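Here's the structure, in structure tokens; my notes come after.
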């Protein structure tokens with residue numbers, strides 16, 4: 001049966017009749033009809049048709065004794081879960097059936113029954129769930145999947161009875177601390193403890209000892225992808241290093257998982273290493289390279305994952321003054337088939353990666369997209385060029401301005417309007433450096449049709465009227481129809497006409513000023529605009545009366561004061577950055593906002609205090625590869641001795657992982673390496689793919 005027929009709203013009598021017809025049919029066709037009727041019941045519950053489906057409770061209970069059909073059993077449990085969360089008292093008669101399933105020999109049926117008990121917010125159901133979990137934890141031989149589901153059920157039961165769940169945390173702690181044959185149970189217990197403590201704002205964060213953390217990290221090669229991702233996600237904040245040697249050992253154990261094929265494992269490994277870097281004062285350059293390579297590998301994933309990675313790249317570029325990532329600019333070049341959200345994020349990455357060395361590459365890329373057929377992308381590229389001119393120094397700004405002036409010659413209206421808008425910011429940053437280009441820019445005043453571009457052009461004409469002989473004529477093209485302009489443009493016109501009169505009182509400027517003041521006070525319907533016009537009129541009147549209240553100099557300072565130089569601030573608050581780093585790979589890192597602003601009930605995460613915590617992130621020193629081999633080997637020896645002293649067995653780590661294989665194992669005979677120097681393998685963007693984008697002729 002098609003989904004269209006199943007996901008339709010039915011009345012209880014219609015489904016009841018269908019179930020009765022299924023009993024009258026032949027065995028095979030009757031079973032199919034009954035299953036289709038049960039699917040319709042679950043579909044209607046999904047659609048919110050609760051009152052009708054509640055009437056079918058006796059019919060559903062007739063199917064409960066069927067043990068050999070898991071699909072029917074799953075439908076029955078799903079029916080109780082859905083209705084129990086809304087009307088728990090109405091399904092109390094199903095409790096004996098659920099308890100009977102708990103004693104079943106089929107593990108899957110037991111898991112379904114436990115999940116049903118936990119999902120119903122009624123004390124009789126939750127009490128039975130607690131009794132079963134306590135009984136299960138006391139058994140020596142228990143099914144791994146059943147025990148894992150029982151542990152995770154405690155997280156759900158925490159919403160109903162927090163005190164009772166907290167009384168069982170000691171049992172979970174024993175599971176975490178003691179090595180079991182099934183490591184999945186340890187990971188589940190650790191994750192459950194972490195979530196229970198994280199939900200309770202009054203309880204302190206859950207911590208485990210460093211030795212327990214090492215025991216868990218040694219299990220990484222034996223874990224599946226899901227458990228590996230869970231462990232690496234929970235360990236930050238849970239384990240607090242107490243020595244630099246412990247940090248280096250943990251990083252060595254986690255580094256191989258940066259190149260994991262599973263994106264969740266790779267991202268959580270990245271988060272764990274970045275967390276550990278807060279507890280050391282120096283790091284090998286090889287680790288920085290491997291972090292960067294893992295990010296580059298994740299950029300080859302599908303668009304949704306790529307977007308998540310790019311947002312986290314922005315976070316990492318903002319987190320420290322000296323970035324922990326060494327990324328080449330071409331990795332963030334925009335492709336023609338990228339979704340718009342990928343294009344926007346890549347533009348932000350290019351802006352953050354820009355400096356004197358990378359500027360030529362970035363400008364070439366942005367210039368191509370400024371003439372793109374995609375209007376939205378073209379505007380964003382022009383805006384990015386203007387922002388680069390403001391961000392970097394005067395020499396770089398000159399290169400950006402040259403490109404913007406070159407783009408003016410294309411005569412594309414939306415490109416010209418965007419150039420006019422960004423040129424205002426450039427002139428705010430460099431008031432005197434680009435005066436010679438203003439006359440070229442004002443030739444395109446007629447192209448300014450949008451609010452922002454008209455505002456920008458009015459400001460430019462007003463601010464540099466001393467080098468524009470026909471500035472009044474240019475201004476009148478904007479002020480002729482002031483009442484039909486947008487409010488922002490009306491305010492700009494009013495302020496500019498007063499500035500003209502204050503700077504150079506003359507019959508022409510006085511006539512223009514009086515005309516605009518009359519229109520704004522007598523004909524304008526905007527009360528804010530009228531109030532501003534009356535304020536200016538009163539100010540000019542007081543100054544003209546030759547009183548000492550407002551002198552010409554005071555008037556000029558009020559109306560036409562010196563503007564501050566514009567600055568683009570890309571820094572985030574250190575506390576916010578700290579919290580965002582602890583939430584890498586989550587939705588918080590996408591919005592780049594604190595968790596409390598997105599999820600109201602979530603607690604704020606902070607770095608746990610330790611005697612080795614580096615509070616000043618700018619002090620992390622990167623050791624070059626050439627000078628770090630001896631340091632690494634010596635520190636490894638120190639770590640081994642420390643491990644033996646503590647009586648804890650830890651997996652040996654490689655101290656030469658940064659050396660290429662050809663220098664460790666030399667090939668014999670004719671098959672030798674073609675070069676004696678270490679090979680530098682880098683994943684550069686394919687030139688063929690660049691040409692296939694049809695952005696350049698080849």
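Of all the criteria given as (1) surrounded by fewer than 19 Cβ atoms within 10 Å (Cβ to Cβ); (2) under 25 Å from residue 126 (Cα atoms); (3) more than 42 Å from the chain's Cα centre (by Cα), the one not satisfied by residue 35 is (2). Quick check: anything in region 102-109 surrounded by 17 or more Cβ atoms within 10 Å (Cβ to Cβ) and over 30 Å from residue 164 (Cα atoms)? No, the conditions are met nowhere in region 102-109. Among the helices (runs of 4 or more DSSP H) confined to region 573-674, the ones with at least 1 residues that are in contact with a helix residue (DSSP H, G or I) (Cβ under 9 Å, 6 or more places away or on another chain), at pLDDT 80 or above and closer than 24 Å to residue 251 by Cα are located at 574-581, 587-591. Any residue in region 208-219 that is out of contact with any strand residue (DSSP E or B) (no Cβ under 8 Å at 6 or more places or on another chain), part of a loop (DSSP other than H, G, I, E, B) and under 16 Å from residue 256 (Cα atoms)? Taking every residue of region 208-219 in turn, at least one turns out to be out of contact with any strand residue (DSSP E or B) (no Cβ under 8 Å at 6 or more places or on another chain), part of a loop (DSSP other than H, G, I, E, B) and under 16 Å from residue 256 (Cα atoms). In the set (1) modelled with pLDDT under 90; (2) more than 21 Å from residue 378 (Cα to Cα); (3) under 39 Å from the mean Cα position of the chain (by Cα), the condition left unmet by residue 411 is number (2). Please verify whether region 314-323 includes one or more residues that are surrounded by 18 or more Cβ atoms within 10 Å (Cβ to Cβ), over 18 Å from residue 581 (Cβ atoms) and either touching a helix residue (DSSP H, G or I) at 6+ places or on another chain (Cβ under 9 Å) or at pLDDT 90 or above (or both). No, there is no match, as no residue in region 314-323 is surrounded by 18 or more Cβ atoms within 10 Å (Cβ to Cβ), over 18 Å from residue 581 (Cβ atoms) and either touching a helix residue (DSSP H, G or I) at 6+ places or on another chain (Cβ under 9 Å) or at pLDDT 90 or above (or both). Of the set (1) under 23 Å from residue 143 (Cβ atoms); (2) at pLDDT below 90, all apply to residue 81 but (2).
Return the only residue of 460, 426 being in contact (Cβ under 8 Å) with a residue 24 or more places away in the chain and in the same structural domain as residue 383 (by TED's automatic domain parsing). Among 460, 426, only 426 is in contact (Cβ under 8 Å) with a residue 24 or more places away in the chain and in the same structural domain as residue 383 (by TED's automatic domain parsing).
Return the only residue of 227, 252 being out of contact with any helix residue (DSSP H, G or I) (no Cβ under 8 Å at 6 or more places or on another chain) and surrounded by 19 or more Cβ atoms within 10 Å (Cβ to Cβ). Selected residue: 252, the only one of 227, 252 that is out of contact with any helix residue (DSSP H, G or I) (no Cβ under 8 Å at 6 or more places or on another chain) and surrounded by 19 or more Cβ atoms within 10 Å (Cβ to Cβ). Consider residue 278 carefully, then state whether it is crowded, with 21+ Cβ neighbours inside 10 Å, touching a residue at least 24 places away in the same chain (Cβ under 8 Å) and assigned by TED's automatic domain parsing to the domain that holds residue 228. Judged against the criteria, residue 278 is a match. Of all residues in region 209-241, those satisfying the criterion of being farther than 17 Å from residue 265 by Cβ and modelled with pLDDT of 90 or more are 209, 210, 211, 212, 213, 214, 215, 238, 239, 240, 241. For region 322-333, the count of residues that are out of contact with any strand residue (DSSP E or B) (no Cβ under 6 Å at 6 or more places or on another chain), outside any helix (DSSP H, G or I) and without any contact (Cβ under 8 Å) to a residue 24 or more places away in the chain is at least one.
For region 103-146, a residue qualifies if it is assigned to a helix (DSSP H, G or I) and touching a residue at least 40 places away in the same chain (Cβ under 8 Å), and the qualifying residues are 109, 125, 144. Only a single item in (1) in a loop (DSSP other than H, G, I, E, B); (2) surrounded by 17 or more Cβ atoms within 10 Å (Cβ to Cβ) is not met by residue 548, and it is number (2).
The values are calculated or read from the model by the stated rules, or taken from the named source; none is laboratory data. Just so we're clear, the structure is a prediction, and the values are computed from it rather than from any experiment. All Cβ positions, even for glycine, are placed from backbone atoms using ideal geometry, and neighbour counts span all protein chains on display.
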